[in-house]
Every structure is written in structure tokens, then in C-alpha cells.
Amino acid sequence: MATNGAVQLAVVEGVLERITYANEENGYTVARVDTGRGSGDLLTVVGSLLGAQPGESLRMEGRWGSHPQYGRQFTVENYRTVLPATVQGIRRYLGSGLIKGIGPRIADRIVEHFGTDTLDVIEADPGRLVEVPGLGPKRTRMIGAAWEEQKAIKEVMVFLQGVGVSTSIAVRIYKKYGDASISVVRNQPYRLAADVWGIGFLTADRIAQAVGIPHDSPERVKAGLQYVLSQSADQGHCFLPEERLIADGVTMLQVDTGLVIDCLAELAADPEGVVRESVPDADGGPPVTAVYLVPFHRAELSLVGQVRRLLNARDDRMQSFQDVDWERALGWLAGRTGAELAPEQRDAVRLALTRKVAVLTGGPGCGKSFTVRSIVELARAKKAKVVLAAPTGRAAKRLSELTGAEASTVHRLLELKPGGDAAYDRERPLDADLVVVDEASMLDLLLANKLVKAVAPGAHLLLVGDVDQLPSVGAGEVLRDLLADGGPVPAVRLTRIFRQAQQSGVVTNAHRINTGLPPLTDGLPDFFLFPEEDTEEAGRLTVDVAARRIPARFGLDPRRDIQVLAPKHGGPAGAGHLNGLLQQAITPARPDLAEKRFGGRVFRVGDKVTQIRNNYEKGANGVFNGTVGVVTALDPVEQRLTVRTEEDEEVGYDFAELDELAHAYAVTIHRSQGSEYPAVVIPVTTGAWRMLQRNLLYTAVTRAKKLVVLVGSRKALAQAVRTVSAGRRFTAVAPRLSGRIPGGNTA
């Protein structure tokens with residue numbers, strides 16, 4: 001049994017029938033295998049089966065064991081793919097959807113023609129596939145290329161298997177580096193963190209250790225410091241104070257402080273490394289040494305320079321508004337719209353039409369939308385070219401309905417191209433006299449910089465948004481910075497709640513929450529609380545409310561009209577877990593419904609999904625983080641899934657790209673910014689205690705047009721209302737704008 005003290009591993013061969021669970025992070029898989037004994041019973045196997053696909057024949061080494069619930073099972077230590085040798089095995093293997101272009105029907109035809117020689121023909125002479133009835137040269141070439149790619153990817157997967165890299169990432173590595181994949185992974189693993197989406201420093205570091213790169217290698221330390229900065233950007237910061245960066249680097253990398261300081265100095269000397277600059281302390285203390293990743297430093301300088309350039313432009317493309325008779329103009333407007341503007345709304349209209357950069361802010365029910373409509377009406381009356389945009393498809397659609405003019409997403413307006421460059425910029429500005437951007441609280445530093453750069457000198461830019469909502473998902477807090485005291489950008493804040501809006505429980509409670517008062521939850525027709533102290537029960541109740549109770553009582557569609565907004569992703573009442581339960585309730589598995597398992601998720605036709613990264617290669621002008629859509633088609637032969645986005649664009653995803661999609665029956669409140677839904681359901685539980693803050697709850701409530709249902713704990717709700725968001729983000733846009741940091745750039 002034992003050899004030299006080592007346990008002899010058992011060997012099992014069989015065909016992988018189906019994967020019942022797979023963790024994309026660590027590769028742990030639960031699968032069912034047909035060992036060919038003829039009894040029809042399938043064997044449960046568990047362990048790392050990265051890259052194995054249903055239909056493949058596997059030779060697995062491991063140990064036998066028993067599970068109290070599932071009985072006898074086999075734990076896999078390692079495996080390799082074995083090509084099937086029988087006609088039936090080959091037919092099943094090819095018909096499993098493993099090779100792009102071959103489905104069950106074509107597999108039957110190929111195997112009928114070539115028999116047991118099928119795989120040898122595909123391997124050595126795929127051109128002969130044209131002999132098969134119904135297979136033309138185009139599909140034959142496609143099958144040959146897919147076979148070669150599958151083989152090459154498998155080789156990379158086998159190499160990466162020991163370090164726990166997921167299937168989809170192995171595919172990405174291969175697509176990025178091709179035949180050089182193994183060489184790059186072995187010799188320059190930290191390149192992966194910069195080059196391949198989905199590989200962060202931690203995965204690259206695991207690979208580096210496995211291929212023998214020393215723990216204290218300067219290459220490792222520099223990559224680690226850049227990772228700390230990029231993580232802080234993901235949390236909203238444009239820079240980190242040097243002392244904090246060094247401390248975080250030492251903690252994460254577990255190396256000497258001196259080595260981290262030396263490596264940081266090397267990075268600062270590299271033009272593409274990091275930038276160090278002294279900036280004022282936000283709390284009034286001594287200046288801070290800020291350390292930026294290069295793109296964020298460039299964007300800060302550029303944004304500030306562009307805003308100043310617009311403010312100081314000599315030309316004015318809306319000069320006619322400088323000497324307008326405002327009483328007459330506003331009287332004409334009231335005749336057009338059927339309503340008088342309140343004094344602060346009148347101020348906002350004048351500001352937008354006479355100043356070249358302006359901000360309009362205010363909460364729900366204060367008339368921001370009507371003010372914007374009034375500005376657009378007056379501008380159009382003077383024949384001005386007005387361009388309307390918003391950060392999300394939903395917000396753009398709403399802006400379009402409000403003004404009666406076409407509105408687009410900022411990304412589409414700028415025609416962003418692969419790599420993130422915009423078709424419109426300082427050299428080729430937008431042909432617009434007035435650019436209006438709604439939901440401007442969502443603009444992060446990088447996107448705001450691209451947008452402002454594309455506004456022509458002399459044109460007017462109006463940013464509209466609610467500064468009390470959560471700041472952007474990306475780094476920066478541009479709207480808040482533009483509104484900072486001492487800055488040069490003029491602004492109007494609308495504060496009066498209109499009588500019609502006062503009748504809305506949603507609007508009333510949003511303002512109560514924003515001023516630190518608990519929401520009213522009794523006796524309102526559009527705002528409810530379902531009390532439930534237990535977090536798990538609150539999660540289940542949230543699903544019941546969203547999938548069954550609201551549709552039954554209010555006639556709303558659970559997929560289109562109702563959105564669950566969770567404070568966080570993890571936990572029993574988090575967006576991740578709720579998505580699984582909501583999918584079961586709204587789009588359950590059916591024999592006639594196509595589906596594709598990918599990692600731990602199952603995608604089905606009809607699923608509500610969201611894009612979780614910016615991908616400039618997809619769609620007409622890229623598909624961006626937060627874009628929501630519905631799965632409309634799923635083709636196992638072409639290995640492709642199609643999503644119709646909220647902008648009514650059909651976007652295709654190869655199966656290997658499905659880690660770019662997540663289910664969106666429930667999303668985090670952060671991801672819901674800029675969107676508006678007829679009804680929102682918000683689990684508020686003690687399980688999300690650290691996340692519960694006033695601006696988080698306020699943002700969630702203001703996403704609803706007609707109905708809010710809170711589910712959860714009164715104690716957690718009180719905590720959310722009471723807790724004002726802790727710190728500001730690390731950004732220096734406001735001091736740059738007010739001239740407290742010398743210099744500036746209009747690049």
C-alpha cells in the first residue's frame with residue numbers, strides 16, 4: 001500500500017458528465033463522472049478539476065472517501081485528459097460543445113463518416129472534414145482552429161493547475177500571449193497583473209512563488225506597491241499618502257520597510273511608475289506626500305486645466321444669453337411648460353446659460369429635472385446645439401424622456417475606442433454649444449477628464465447631480481470637488497421640495513434620511529418596512545417580496561421593474577447570495593431553457609445580468625462596468641451567449657468571457673448609481689453593519705420612482721440613518737482648482 005512512506009494514489013478513468021459546482025477562485029469542483037460500468041450510476045468526484053469540460057474522458061489520481069450526505073466519492077489530486085477511443089465516446093466528446101462549431105448533430109455526422117479515426121483526422125488533417133455532408137470549408141477551418149486553440153489552452157491550464165488559476169484566466173493568458181504564454185508565466189509572472197484582466201497581484205504572486213521568484217525580489221515589491229495603489233483606486237482614492245502606502249506595502253508583502261522605501265524610490269524615478277507630489281492635508285494639517293499611479297495624476301492635472309480653460313475661454317457660443325431680457329424669456333418659458341420656476345430654479349437657468357461651467361445639485365422632488373428641461377427649452381429657442389448625456393443607459397433614457405431630445409451615455413457620446421481613447425477630445429471637440437450631463441455624482445476622475453476635454457472652448461458645460469449620494473464607483477469625487485468652497489465653478493443647490501413631491505413617501509423619507517431622521521414606515525402607500533431581525537430570514541424574505549409579493553400586489557414585472565439593492569455583496573442578505581435565490585424564483589431551470597454553467601454561476605436565457613468590467617472591445621463603443629441587460633440567446637455549438645443591454649444593443653460573449661458577467665437580480669447599492677427603477681427592495685441587516693451609512697441608504701431610496709420596501713432590522717436601519725460616512729477620498733482636485741497647489745496642466 002505505501003511506498004517510502006507515501007500513500008499510493010488510486011486511479012479512476014471516466015467521462016465527465018456534468019459539473020454540479022465549481023469555485024472560480026480556487027478551482028474546487030464537484031462533478032459527476034460516468035466510469036462506464038454500465039449500471040447507469042454516476043460517481044461523485046471532488047477536487048481541483050480546472051479546465052475539465054463535460055464530455056471529456058479523464059484519468060484521475062486521488063483518494064477514495066465518503067461524504068455523510070452524498071455517499072462514496074473520489075477526491076482528485078491531479079488529472080489528465082484522455083482522448084476517447086470508442087465511437088460512442090468520440091461522439092459524446094465532440095457533441096458536448098467542447099469544440100466551437102461542433103454540436104451534437106454535426107458530431108454524429110463526423111463520427112458516422114470517420115468512425116474511430118475521427119480525432120486523428122481533426123488533429124492531423126482537419127481539411128478532410130469537408131468530406132462530411134453539410135460541412136463547408138468555413139466551418140471546417142473554424143473547427144480546426146478551435147481544436148488547436150483548445151489544445152494550446154489545455155497545455156497552459158495544466159501548467160497553471162498547480163497554482164490554482166481558474167479556467168477563464170488560463171484562457172485569457174493564452175489569448176494575450178499565445179504560444180509565449182508559458183514562457184511569460186514562468187519568467188515574468190508579475191506582467192500578468194498589469195496585462196490580463198482578472199489577474200491581480202495576489203494571483204500573480206502565487207504564480208511567482210510557484211516558479212521560484214524570491215520573496216524579497218525588487219520586481220515583486222514594486223509590483224506589490226502598484227497593486228496597493230490600484231486597490232486604493234478601486235476604493236475611490238486617486239492617491240495614497242506615502243506613509244500609508246509604505247505601511248500597507250510592508251504589511252501585505254511581509255518584507256523590510258527599507259526595501260519597500262528603496263523600491264518606491266525606483267518606481268518614482270520611472271516615468272511610467274508612480275508620481276510623488278506634496279498636496280495640502282484635507283484636515284488642515286501639514287502637507288502630505290501623495291503617491292499616484294501615473295494615469296490618475298495626469299487625469300487630475302488635466303481635468304483641472306480643462307475646467308479652467310473652459311471657464312476662461314474668450315469665445316462664448318451662447319453669447320446671446322448675456323443680454324437677454326430674463327423676465328420676458330422666463331415668461332415665454334412658463335407659457336411653453338405650463339409652470340412657473342421657483343426663484344432658485346430661475347437662478348440655475350440663468351447660471352447654465354450665462355456661465356461656461358456650472359453645477360446644479362439637489363435632492364429628489366426639488367425640481368432638478370424640470371430645471372434641466374427649462375434650460376434645454378431656452379437654449380433650443382435660441383437655436384443652440386444641445387448635447388445630452390449621462391453615465392448609464394438608464395439615466396440617459398430618462399434624460400431623453402424628460403427633454404424630448406436624444407441623450408446618450410457619456411461613453412457613447414465620446415465614442416470611446418479599444419484602449420479607452422475617445423474619438424472626441426481637445427483636438428476634435430464635440431460640436432455642441434451646451435453639454436448637459438445628468439447623474440454627475442457618478443463621474444469618476446478618468447471619465448470626467450475625458451468628458452471635459454471634449455467640450456469645445458466657448459461651449460457651456462452643465463453638470464447635474466445629487467452631491468449627497470454615494471460618490472462614483474471609480475476613483476475620485478468630482479462633483480463634490482467642483483462644489484468645494486473657494487473653487488471657481490459656480491453652482492446652485494435646489495432645496496425646496498415641491499408640493500406634489502411632498503405627497504410621495506419615497507421623496508419625504510429620502511430627505512428625512514439625508515437629515516438624519518428615521519424614515520416613516522407606517523401608513524404610507526409607497527414605503528414599507530418588513531421587520532426581520534435574523535439576517536438569513538431577511539434574505540429569504542427579500543426574495544419573497546421581490547419575486548412574489550410586489551408583482552402580486554402592484555402588478556410589476558420582477559425582472560424589469562423591481563430591483564433588489566443590497567448594502568454589500570457577501571453574506572446571507574448580500575447581493576451574491578440573493579442573486580442565486582432570485583434566479584431560482586424568477587428564471588428557474590427548465591428542460592426547454594438553454595443554460596451554461598460557468599464557474600459557480602449558471603447563465604440562462606432570460607437572466608438579468610450586468611457587466612463587471614469596462615471592455616472597450618465589445619459592442620459599438622464598448623460595454624462598461626454597470627451596464628445591465630437580459631440574456632436573449634445561448635448557443636452551445638458556437639459557444640456564445642447574447643445579451644440585450646439597457647441601451648437596446650445586442651452584445652455577444654464567448655463562453656470563456658462569462659466572468660465579465662454577473663447576475664443582476666440583486667446588485668450592491670454602489671452599482672445601482674445613476675439608475676432608476678419603479679420599485680426597489682433593500683435588505684437592511686446587522687450582517688452589513690460596517691457598510692450601513694446614511695449616504696448609502698439615501699442613494700438606495702432615491703433609486704426608486706414609485707415604491708420602496710425595506711426588509712430587515714430596525715436596529716440596522718437606525719444605524720444606517722445615524723452614521724455619517726467616515727472619510728473623504730484622497731483626491732487633490734479641489735485644492736488644485738482653488739489654486740492651493742501650484743501649477744496645472746491642460747494636457
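The values are calculated or read from the model by the stated rules, or taken from the named source; none is laboratory data. Quick caveat: nothing in here was measured; it's all calculated off a predicted structure. As a convention, Cβ positions derive from the backbone with ideal geometry for all residues, glycine included, and neighbour counts pool all protein chains shown. SASA here: full protein model, heavy atoms, side chains in, ligands and nucleic acids out. Shrake-Rupley method; radii C 1.70, N 1.55, O 1.52, S 1.80 Å.
Is at least one residue of the stretch 509-528 under 24 Å from THR645 (Cβ atoms) and crowded, with 22+ Cβ neighbours inside 10 Å? Scanning the stretch 509-528 turns up no residue that is under 24 Å from THR645 (Cβ atoms) and crowded, with 22+ Cβ neighbours inside 10 Å.
From the list VAL609, VAL564, the one residue that fits, being closer than 30 Å to GLU415 by Cβ, open to solvent by less than 10 Å² (accessible area, probe 1.4 Å) and outside any loop (DSSP other than H, G, I, E, B), is VAL609. If you check LEU225 against the conditions, is it within 25 Å of PHE296 (Cα to Cα), out of contact with any Phe, Trp or Tyr (no Cβ under 7 Å at 6 or more places or on another chain), in a helix (DSSP H, G or I) and not acidic (Asp, Glu)? Taking the combined requirement at face value, the residue satisfies it. For the stretch 469-506, name all the residues that are buried (at least 22 other Cβ atoms within 10 Å of the Cβ), within 19 Å of ASP438 (Cα to Cα) and at pLDDT 90 or above. Hits for the stretch 469-506 are ALA475, GLY476, GLU477, VAL478, LEU479, ASP481, LEU482, LEU494. When you scan the stretch 230-239, do you find a residue that is closer than 24 Å to LEU293 by Cα, outside any helix (DSSP H, G or I) and touching a strand residue (DSSP E or B) at 6+ places or on another chain (Cβ under 7 Å), even just one? Yes, the conditions are met somewhere in the stretch 230-239. Is it true that ASP544 is at pLDDT below 90, surrounded by fewer than 22 Cβ atoms within 10 Å (Cβ to Cβ) and not aliphatic (A, V, I, L, M)? When the stated conditions are applied, ASP544 does not pass them. So is LEU83 open to solvent by less than 30 Å² (accessible area, probe 1.4 Å) and out of contact with any Lys or Arg (no Cβ under 6 Å at 6 or more places or on another chain) or not? Here the answer is no, as LEU83 does not meet what is asked. Scanning the stretch 618-659 for residues that are within 19 Å of LEU416 (Cα to Cα) and in contact (Cβ under 8 Å) with a residue 60 or more places away in the chain yields ALA620, ASN621, GLY622, PHE624, ASN625, GLY626, THR627, VAL628, THR645, GLU646, GLU647. Residues that are farther than 24 Å from ALA407 by Cβ, basic (Lys, Arg) and either assigned to a strand (DSSP E or B) or within 20 Å of the chain's Cα centre (by Cα) (or both) are absent from the stretch 676-690 altogether.
In this structure, does ALA734 turn out to be crowded, with 24+ Cβ neighbours inside 10 Å and not in a strand (DSSP E or B)? No; evaluated as a whole, the condition is false for this residue. Of all residues in the stretch 89-137, those being assigned to a helix (DSSP H, G or I), under 42 Å from the mean Cα position of the chain (by Cα) and among the β-branched types (Val, Ile, Thr) number 4.
Taken over the stretch 350-386, the residue count meeting the criterion of being open to solvent by 30 Å² or more (accessible area, probe 1.4 Å), under 21 Å from GLN306 (Cα atoms) and within 31 Å of the chain's Cα centre (by Cα) is 1.
Scan the stretch 61-79 for residues that are farther than 15 Å from GLN8 by Cα, open to solvent by 70 Å² or more (accessible area, probe 1.4 Å), assigned to a strand (DSSP E or B) and touching a residue at least 12 places away in the same chain (Cβ under 8 Å) and the total you get is 1.
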